[in-house]
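Below: one structure, written as structure tokens.
The values are calculated or read from the model by the stated rules, or taken from the named source; none is laboratory data. All values reported here derive from a predicted model rather than from experimental measurement. Don't worry about glycine lacking a Cβ; one is built from the backbone with ideal geometry, like all the others, and counts go over all protein chains shown. In case anyone asks, the SASA skips ligands and DNA or RNA and just uses the protein heavy atoms, side chains included. Shrake-Rupley method; radii C 1.70, N 1.55, O 1.52, S 1.80 Å.
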Amino acid sequence: MQVEEVRILFSCAKGETHTHKQGFKQLFRRLRSSYRPDKVDKDDFTLDALRSAHILVFGCPKEKFTAQEVDMLKKFVKAGGSILVLMSEGGEDKAGTNINYFLEQFGMSVNNDAVVRTTHYKYLHPKEVLIADGILNRCVITGAGKSLSNGDDDEFRMTQGPQAFDGTGLDFVYPFGSTLSVQKPAIPIMSSGKIAYPMNRPVGAVWAQPGFGRIAVLGSCQMFDDKWLDKEENSKVMDFLFKFLKPVSSAQQQPGHSRRLGGLPCCYPASARLSNLLPAIQSLAQAEQERHRNTATANTPDALCSNWRYTMAAESTQAPPSVPGPVTHPIPEHQAAAQRHRRGGPRRQRPEAAAGHRLAGGQAQGVPAGGGRSRARAGAGA
């Protein structure tokens, strides 16, 4: 059975900065060996013209899409066609387009920023970023024709899991590009790594669903420019993207194939392992909700007043703490007797002191001090 040749259309309908005649000359020439590349002008930018193609490439469009054109692209994807969108730094604001209106319906959008390298290495301009740890999915490495250092990918994925993959294995240059915002059902496949800024942000993403075409977005069209296509391993990234966007056969249209990019093993854990962990995750979530519910009940005003009354009642029933007095040491009897012997027996109070005490006692009882003294003298004379 003769296999149909894959036809790729490079768009020239939206004022793209990179076309088959400018920027993508070398790319266009390389694709001729395995595909059938062609161009589409503004006059031919219709659904009937796109139906004869398998892949549509936008090299940083500079014009806005109309609502009818967005619906046409959605119908093209629904019919099985694939789209590759390549943008540049500054996103759609700098380019003057509204491509995000189409991409956001598939969980992707291009940010209005730029990726820069924080340290100088190999390339002079800070926006010519060399990324060595930016692969988020091992299928990018295997799809690019490289082998993993760990041998069998399936066995490695089942035994060690995705945390053992550090993102290395495919170095690429990301010149004058922006970051992406990706959410389900789209999947990020490339990031800016740990050295570039913004750090660990998606720069490449894909979307695939059974029965539909596929969409790939890259934040830098300069990666496949004539100047940068042969730098580092940019050409391998290009090979993977076009292999991924090729139409899949009916044998590959099986349940769960959207989680496996292009029929290649995905770095995400198997669904069976996640189902085994589901009961434990649910029990932990229920315990956490119960703890939050108890905390919220205990912090109500009635509960706080009740706790305060209980605390005050408990404190009132408790015995007061005993205060320790001064520590005294008893003196032995023989030492006390020796002290009395040295002092000449028990100490006696002098008469003057005793009289003073009596006078003081008279003042306390309301007797004048002078009158008491005169009566004492009169009594002595009598």
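Tell me whether segment 1-155 comes out rounded, prolate or oblate; compute the Cα gyration tensor, take square roots of the eigenvalues as a ≥ b ≥ c, and use a/c under 1.5 as the rounded threshold.
Numbers: a/c = 1.68, a/b = 1.19, b/c = 1.41.
It comes out oblate by the Cα gyration axes.
Among 7, 29, what's the order by accessible area (1.4 angstrom probe), most exposed first?
Numbers: 7 35, 29 150 Å².
Highest to lowest solvent-accessible surface, that is 29, 7.
Need one number: nm distance between label points at residue 337 and residue 168, each 7 Å from Cα along Cα→Cβ, rounded to one decimal.
Here the answer is 9.5 nm between the modelled labels.
Debye calculation, C-alpha points only, no solvent: report log10 I(q)/I(0) for segment 73-112 at q = 0.21, 0.22, 0.23, 0.35 Å⁻¹, in the same order as the q values.
Per q value, in the given order, log10 I(q)/I(0) is -0.67, -0.73, -0.77, -1.23.
Translational D (Stokes-Einstein, µm²/s) of segment 35-76 at 20 °C and 1.002 mPa s when Rh comes from the Kirkwood sum over C-alpha pairs? Walk me through the intermediate numbers first.
Numbers: Rh = 11.3 Å.
It diffuses with D of about 190 µm²/s by this estimate.
Give me the accessible area of residue 33, 1.4 Å probe, in Å² rounded to the nearest 10.
Here the accessible area works out near 100 Å².
For the residue pair residue 291 and residue 25, what label-to-label distance in nm results when each label sits 7 Å from Cα along the Cα-to-beta-carbon direction?
Each label point lies 7 Å from its Cα, and together they span 6.5 nm.
Could you list, in their original order, any pairs among 74/194; 94/246; 78/127; 21/236; 14/227; 42/246 whose Cα atoms are separated by more than 32 Å?
Numbers: 74/194 35 Å; 94/246 30 Å; 78/127 36 Å; 21/236 22 Å; 14/227 23 Å; 42/246 24 Å.
Over 32 Å apart, Cα to Cα: 74/194; 78/127.
How much solvent-accessible surface does residue 89 expose, in Å² to the nearest 10, with a 1.4 Å probe and all protein chains in place?
30 Å²
May I ask for the equivalent-ellipsoid semi-axes of segment 64-138, computed as the square root of five times each C-alpha gyration tensor eigenvalue and listed largest first in whole Å?
Numbers: eigenvalues 188, 53, 16 Å².
Each semi-axis is √(5λ); the values are 31, 16, 9 Å.
Quick check: with the 1.4 Å probe, what order do 231, 122 take by accessible area, largest first? It would help to have the intermediate numbers written out before the result.
Details: 231 80, 122 130 Å².
Output order, biggest surface exposure first: 122, 231.
Keeping all protein chains in the complex and leaving out DNA, RNA and ligands, what accessible area do you get for residue 248 with a 1.4 Å probe, in Å² to the nearest 10?
Its heavy atoms expose roughly 40 Å² to the probe.
Could you rank 230, 43 by how accessible they are, 1.4 Å probe, largest area first?
Details: 230 90, 43 140 Å².
From most exposed to least exposed: 43, 230.
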